[in-house]
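To start, the structure under review is shown below, and the notes come after it.
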Amino acid sequence: MPWLLPSQLEHLSSSPSQRQCEQTSFSFYCAVRERLPVWLLEDMRGMEVFSWEDGHPRAFLPSEALLYALVHDHQDYARHLLDTYSVSALRAPRCSFCCRRSSGAPHLSVAVRYDRVAILGMMAAALKHGDSLTDYLESRGGCSHVADAGKTAVQLAVELSRPDCLLLLLAHGARPASLDAALQRLVSCEEAERSRAQRCLDFLLLFLPEPAAPRRLQDEPRRWQSLLGHQVFSWLCGLAPPPLLLQALRCLARSGPDQISTLPDFLQPHSWQ
C-alpha cells in the first residue's frame, strides 16, 4: 500500500505477484489522486489486481476505493461508489498494518480529519433510509495503532475544529458530546483557529440536552462568564433556562438537516447547504 514505509514494503514484498499487486495498488492510488474519470477508475479497479490478501491477489473493494476518494476529495468517484454499492461501500476494510478486519467507521474518521464535508453528506444520505445511521455516526475509530482509535466522529471534529463536519454530524443525529473538549479547545488553540473552535462550541450548544456544568466552568466562573456571556454561562451551570434566542435556534437546528438553512448567517455552514 502507498502509505507503508519502504522497510515495510520490503518485508511484505515476498513474491513477484505480491510486488505486482503493490505496484498496481500505487498506480490506482495515483489515478484517484489525479481525479481521473469515474469510468476509468472503475475499469482499473475491476480489470486489474491491486491488493494482496492471505497469499492471494484480489481486486480493490469499493470500501477501499472510497477511502482513496475521501483522501483526495474525488467527489464524483465517491458519489458513484455510494450510489452503486450503498452501505457496503462504508464497511470497514481490513487494516493494512495488522491485517485484521478494521472495526468502527474509518470512513467517518477520514472524512472528518480531511474535512471532506461534501462526501460526508453523501455518506449520511446513503445511510439515512435505514436504521443504522445513528449507530454508524456513534462508531469509534478502529485499531489501536490508528491515530483516531476510540474516538467518535464528533469528538474528532471538536478536537480538529471542523465546524461544518460537526454540524452535519449533529444534524443527522450524532450525540452532541465533548462540550468540555470544545471549551478547552476554545482557550488553547491558536488565534487563526479560534473562529472555527468558537463555531464548534456554538453548534454543540444548539444540540446539547440539558447540560451538566463542566468542572472548568465552576473552577473559573469569571473567566468563562466573560467568554460565554452571563446567560449562556448560567444555563450551562444549571442556574437559569437557556436564553430565548438560543431556545429558538435550538428548536430550528434540532428539527432536522433540512432546517439548517433557516439558521442565521453566522451559524450557516461554510461548505454545505
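So here's what we get for this one:
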| quantity | calculated |
| --- | --- |
| Alpha-carbon centroids, segment 209-273 and segment 32-94: separation in whole Å | 40 |
| Extension gain from GLN268 to SER195, taking 0.36 nm per residue of separation minus the Cα-Cα distance | 24.9 nm |
| Relative packing of 81-87, 167-173, 217-223, which averages over residues the other C-beta atoms within 10 Å, highest first | 167-173, 81-87, 217-223 |
| Segments 200-209, 61-70 sorted - mean Cβ within 10 Å per residue, highest first | 61-70, 200-209 |
| Proximal charge balance of PRO57 [Cβ under 12 Å; K/R count +1, D/E count -1] | -2 |
| Modelled FRET efficiency - R0 25 Å, MET47 with VAL87, Cβ distances, 0.05 increments | 0.50 |
| Peptide ranges 108-114, 71-77 listed from the most packed, as the mean C-beta count within 10 angstrom indicates | 108-114, 71-77 |
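All of the numbers you see were taken from the coordinates with simple rules; none came from a lab. These numbers come from a predicted model, not from an experiment. As a convention, Cβ positions derive from the backbone with ideal geometry for all residues, glycine included, and neighbour counts pool all protein chains shown.
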